[in-house]
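*Asks:* Here it is, the structure, as structure tokens.
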Amino acid sequence: MLEPPVAPRRIHVREHHGHRFEDPYEWLRDKNDPEVIAYLEAENAYAEARTEHLAGLRSQIYDEIKSRTQETAASVAVGSGPWWYYTRMVEGGSYGVFARSPRSPGSPRPDLSAGGPVAGEQVLLDADALGSQHEYFAMGAFSVSADHGTLAYSIDVTGDERFALVIVDLTTGEVRDDTIRDVGYGAELTTDGSVVYVTRVNDAWRPHEVWRYAVGAGGPGELVMREDDERFWLGLGSSRDDRFIQIGLSSKITSEHWLLDASDPAATPRCVTPRRDGVEYDVEVAGERLLIVHNADNPESDLAWAPLSATSEQDWQPLLQSAPGERFQSVDAFDSVAVLSLRSQGLTALRVLHRDDSAAGGWRVGEDLTFDEDLYTVGLGDNPESDTTQVLVSYESFITPRTVLEVDVLGGAREQLWQMPVLGDYEPSTYVQRRLWATAPDGTKVPVSLVTAAGAAPDGSHPGILVGYGSYESSSDPYFSIARLSLLERGVVYAVAHVRGGGEMGREWYEQGKTLQKRNTFSDFIAAAELLIKDGWVAPDRLAANGGSAGGLLIGAVANLAPDLFRVIEADVPFVDPLTTILDPSLPLTVMEWEEWGDPLHDPEVYEYMRSYAPYENIQKRSYPAILATTSLNDTRVYFVEPAKWVAALRATATNDPETRPILLRTEMVAGHGGRSGRYAMWEQIAWEWAFILDQLGATERVVDVPDAS
């Protein structure tokens with residue numbers, strides 16, 4: 001029989017608040033230790049050997065994804081000044097070609113349907129050529145100066161989210177500067193491209209400083225702002241009218257915004273409103289006013305306006321209050337209209353406001369955009385210009401491929417500019433999406449989204465996958481996936497549990513699933529699984545669970561609380577050792593996380609509460625579902641050591657038959673939090689993981705009558 005690797009036990013003691021925890025696998029934390037690397041490689045070899053029989057299924061799933069994907073394609077061209085900007089994907093390329101073509105007043109949008117270059121095209125960045133030189137490749141910033149003469153882009157080639165910046169003269173194509181390294185995601189150029197602003201990341205991987213550099217000067221740069229409070233993360237952006245560079249600081253519950261004149265290379269930033277603990281606000285420049293979405297008076301947020309010169313919350317004037325069942329999220333301003341992004345009754349929505357000097361605050365509330373489907377996701381697309389009433393809107397559902405609409409927000413007319421091609425005569429009517437409601441132990445109704453083959457009946461026979469996240473007020477909204485079709489056509493019922501801790505049902509929904517109420521997230525998910533079984537949507541012995549990152553914490557906790565509900569669990573980069581991590585302020589992002597999980601270092605009640613659900617510390621001597629944990633060696637958000645320790649402890653404690661319910665760890669040795677880079681490598685990773693799940697569910701054969709994708 002094939003034997004799994006066995007991690008040596010080397011006791012490390014953790015003592016807090018009178019509690020002693022002996023951790024035998026903490027030694028796995030050091031990725032520079034050759035023994036750790038050897039152990040991870042042994043786990044990879046074991047995972048490959050244990051799933052060797054699935055090689056054909058993996059190839060089949062990969063081929064299905066590839067055959068349904070139009071590999072040579074392009075995005076919708078977006079107009080900005082004298083250019084149309086767009087990205088082209090080329091068959092065989094993984095990262096795309098960033099390009100632009102000339103634009104004149106009244107000229108039609110270029111036809112990119114063939115996917116190839118168009119007349120007058122200028123390639124700004126061939127990311128395919130650049131990325132092919134590296135095993136891992138990710139883009140951070142991609143910013144063009146307001147005068148369209150300079151490009152700043154940044155790349156990460158390890159997965160650790162520290163980027164190298166490159167600045168290019170778009171007139172000559174020459175590199176103006178490539179000396180600025182170890183920066184965060186954002187980069188913004190002054191109007192003329194002479195100065196670039198970047199964020200710097202500290203040892204805890206927190207963007208904590210804003211620096212500016214004279215492009216090409218080769219100097220040390222100038223510190224513009226430093227944030228010493230470990231709870232806050234710095235970010236950069238720019239106003240739609242290009243007048244301002246925006247600096248945003250945010251913790252999990254508090255925010256602060258600064259504006260900086262983009263035309264002045266030596267400008268001093270101005271604070272719009274000093275932070276106040278517990279108050280979050282977003283700022284949108286709207287001509288000579290600011291539009292502000294804030295929760296100063298209402299946890300579900302309201303909309304206010306303020307003069308452009310605002311420096312205090314006293315300058316805010318009320319404009320629109322959220323109604324029951326609504327959660328305001330952000331606002332985008334154009335010259336004559338604004339579009340409010342919100343959540344309404346659990347779904348995303350867009351509300352139009354019209355500039356009207358006779359109305360209070362200068363804006364008159366208009367209508368919400370409406371759509372025919374019961375479940376969908378809608379949001380603003382890329383709209384870089386303020387002088388327009390024709391805005392791009394992105395729309396999709398579980399069964400409608402991602403679509404870009406041009407909407408006349410004054411007249412209401414819509415034109416479909418693009419829809420994700422799905423090769424093989426995909427027919428949305430082949431599948432059905434629906435919303436169910438589970439009842440949590442405390443009586444709360446929990447929404448569950450479902451997509452199935454059209455003919456699937458709740459007869460208790462189907463394999464199923466239940467997905468969840470439930471943290472940071474992040475919502476698991478409906479989206480279309482070509483790859484998911486490979487599950488659906490094998491008869492899998494695909495379900496999403498919109499558990500508390502997420503943001504689907506508003507701010508209170510989030511508050512009820514964090515800190516000392518975190519266990520609601522887990523009981524909501526269990527209730528959703530029980531509903532799927534009770535109502536016959538899945539067979540009792542054919543249900544899988546999947547979650548990643550903080551969703552991996554959810555999955556790990558549920559594995560301990562209700563292992564008999566699931567046949568197989570897949571946990572992607574799972575946060576399964578939360579107590580060890582959140583107790584150590586020296587680790588990346590820990591102090592920031594205290595507002596999400598609580599502070600177990602200083603609060604014994606939080607310590608005991610987290611200890612009660614931490615997946616790694618609550619493993620039982622009993623049979624577990626088959627488990628696949630995936631991670632990446634260079635992940636800076638959830639260290640690889642967490643799933644590595646979890647798998648080692650499961651193997652040492654659980655009573656699983658390794659032949660029928662294996663426990664596997666798979667580590668990407670050159671990747672970060674998002675896994676492998678490049679679309680083909682990502683398809684391979686998806687195929688590997690889904691083959692494992694489908695095999696455990698006994699759902700390896702295609703059973704749904706769908707058009708041939710070849």
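*Asks:* Can you name the residue in region 577-597 that is of a type in the set (S, T, Y) and at pLDDT 95 or above and is also farthest from E608 (Cα to Cα) among such residues?
*Replies:* Of all residues in region 577-597, those of a type in the set (S, T, Y) come to 580-581, 586, 590.
Narrowing further to those that are at pLDDT 95 or above: 580-581.
Values: T580: 13, T581: 15 Å.
That would be T581.
Residue by residue, here is whether (1) of a type in the set (G, A, S); (2) at pLDDT below 95 holds:
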| position | (1), (2) |
| --- | --- |
| G278 | yes, no |
| Q314 | no, no |
| E326 | no, no |
| V352 | no, no |
| G366 | yes, yes |
| F371 | no, no |
| L375 | no, no |
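*Asks:* Residue under question is E3, and the condition is that it be modelled with pLDDT under 95 and under 19 Å from V647 (Cα atoms); does it hold?
*Replies:* Yes.
*Asks:* Check G248 against each of (1) in a strand (DSSP E or B); (2) in contact (Cβ under 8 Å) with a residue 60 or more places away in the chain and name the one condition it does not meet.
*Replies:* It is condition (2) that G248 fails.
*Asks:* May I pose another question? Would a scan of region 263-271 turn up a residue that is under 23 Å from G506 (Cα atoms), touching a Leu at 6+ places or on another chain (Cβ under 9 Å) and surrounded by fewer than 22 Cβ atoms within 10 Å (Cβ to Cβ)?
*Replies:* No; the residues of region 263-271 include none that is under 23 Å from G506 (Cα atoms), touching a Leu at 6+ places or on another chain (Cβ under 9 Å) and surrounded by fewer than 22 Cβ atoms within 10 Å (Cβ to Cβ).
*Asks:* Need a quick list: strands (runs of 3 or more DSSP E) entirely within region 50-105 having at least 2 residues that are under 26 Å from F137 (Cα atoms).
*Replies:* Filter on region 50-105 gives 83-89, 97-102.
*Asks:* Next question, about the same structure. Run V706 past the list (1) in contact with a Ser or Thr (Cβ under 7 Å, 6 or more places away or on another chain); (2) at pLDDT below 95; (3) under 26 Å from A544 (Cβ atoms); (4) assigned by TED's automatic domain parsing to the domain that holds R519 and report the number of the one that doesn't hold.
*Replies:* Failed condition: (4).
*Asks:* Within region 525-571, track down each residue that is in contact with a Pro (Cβ under 9 Å, 6 or more places away or on another chain) and of a type in the set (D, E).
*Replies:* D535, D564, listed by residue number.
Per-residue answers, yes or no, for (1) of a type in the set (F, W, Y); (2) over 21 Å from G79 (Cα atoms):
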| position | (1), (2) |
| --- | --- |
| F371 | yes, yes |
| G381 | no, no |
| F398 | yes, yes |
| Q416 | no, no |
| P428 | no, yes |
| V432 | no, yes |
| A454 | no, yes |
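*Asks:* With the requirement that a residue be farther than 30 Å from A699 by Cβ, among the charged types (D, E, K, R), in contact with a Phe, Trp or Tyr (Cβ under 9 Å, 6 or more places away or on another chain) and touching a residue at least 12 places away in the same chain (Cβ under 8 Å), what does region 19-70 give you?
*Replies:* Residues satisfying the conditions are D23, R29, K31.
The values are calculated or read from the model by the stated rules, or taken from the named source; none is laboratory data. Since the model is a prediction, treat every value here as computed from it, not as a measurement. We place every Cβ from the backbone using ideal geometry, glycine too, and count neighbours over all the protein chains shown.
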